[in-house]
Amino acid sequence: MTRFQTLRSTTLASVLALALAAPAAMAADQSMSPDGTPTGLGGGMAERFTIEAASSNITDIKASELAIQRSPTPTVREYATQLLASQQKAQQELTLMAGQAGKNAPMTPNQEDAAQLEEMAQLDGAAFDRAYLDYQVTARTESVSLLGQQAADSSDQNLQRYAKANLPEAQAQLEQAKLLAGQMGVAAQ
């Protein structure tokens, strides 16, 4: 086989491999439900969003439960109560969407968040409030970014609707967390 034939065979093999892989790569970012609508839970960016959002929701639920129990400050407990209700609703929606797609949304925090919850659980009083509010400013900032990106760029209509519906509340929660953090002497990020 001449050098040209070898090159041509290699090029044809590469093109064929890419052609065969392209549909699978495209499908990895977007699974389809039986009615042909994208579910967003089959892989790629949409699946990562679902995992990150569910883990964040669960972490916020657990952190807010801790705040309701441990915070000596009525405004912090009130914020935690409102956030708890909001995150439980958001998690129910996400779990329902995942279930409809035949998937399971995570029901536990990721390792990093679990460690942070463990640290918060060891604190009481003003030290707890500072740690909780510091966490909330960071978590709400990340949530606003995650939801904003999904609302603007999602190829999945269900996840895009979810993000658009939850983004305004996440933005308001961020502002409230920053305000409370400032009142408690926690440096806002």
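Just one of ALA80, ALA101 is hydrophobic (A, V, I, L, M, F, W, C), over 15 Å from the mean Cα position of the chain (by Cα) and under 19 Å from GLN173 (Cα atoms); which is it? If you could, list the steps in order and put the result at the bottom.
On the way: ALA101 fails: under 19 Å from GLN173 (Cα atoms).
Criteria check complete, one pass: ALA80.
Take residues that are among the polar types (S, T, N, Q) and touching a residue at least 60 places away in the same chain (Cβ under 8 Å) and tell me which of the helices (runs of 4 or more DSSP H) falling wholly in the range 74-189 contain 3 or more.
Values: elements: 74-100, 111-121, 125-153, 157-183.
In the range 74-189, 74-100, 125-153, 157-183 are the helices (runs of 4 or more DSSP H) which contain 3 or more residues that are among the polar types (S, T, N, Q) and touching a residue at least 60 places away in the same chain (Cβ under 8 Å).
Could you identify the single residue in ALA53, ALA131, ALA85, ALA90 that is loosely packed, with under 14 Cβ neighbours inside 10 Å, hydrophobic (A, V, I, L, M, F, W, C) and out of contact with any Lys or Arg (no Cβ under 7 Å at 6 or more places or on another chain)? Give the derivation first.
Details: ALA53 fails: loosely packed, with under 14 Cβ neighbours inside 10 Å; ALA131 fails: loosely packed, with under 14 Cβ neighbours inside 10 Å; ALA90 fails: loosely packed, with under 14 Cβ neighbours inside 10 Å.
Of the residues listed, the single one that is loosely packed, with under 14 Cβ neighbours inside 10 Å, hydrophobic (A, V, I, L, M, F, W, C) and out of contact with any Lys or Arg (no Cβ under 7 Å at 6 or more places or on another chain) is ALA85.
Scan the range 64-79 and give yes if some residue there is surrounded by fewer than 17 Cβ atoms within 10 Å (Cβ to Cβ), modelled with pLDDT of 95 or more and among the β-branched types (Val, Ile, Thr), otherwise no.
Scanning the range 64-79 turns up at least one residue that is surrounded by fewer than 17 Cβ atoms within 10 Å (Cβ to Cβ), modelled with pLDDT of 95 or more and among the β-branched types (Val, Ile, Thr).
Yes or no: the range 107-126 includes at least one residue that is out of contact with any Leu (no Cβ under 7 Å at 6 or more places or on another chain), farther than 30 Å from ALA187 by Cβ and surrounded by 14 or more Cβ atoms within 10 Å (Cβ to Cβ).
So far as the range 107-126 goes, no, none of its residues is out of contact with any Leu (no Cβ under 7 Å at 6 or more places or on another chain), farther than 30 Å from ALA187 by Cβ and surrounded by 14 or more Cβ atoms within 10 Å (Cβ to Cβ).
The values are calculated or read from the model by the stated rules, or taken from the named source; none is laboratory data. Treat the numbers as computed from the prediction; the structure is a model and nothing was measured. In this analysis, Cβ positions are derived from the backbone assuming ideal geometry, glycine residues included, and neighbour counts consider all displayed protein chains.
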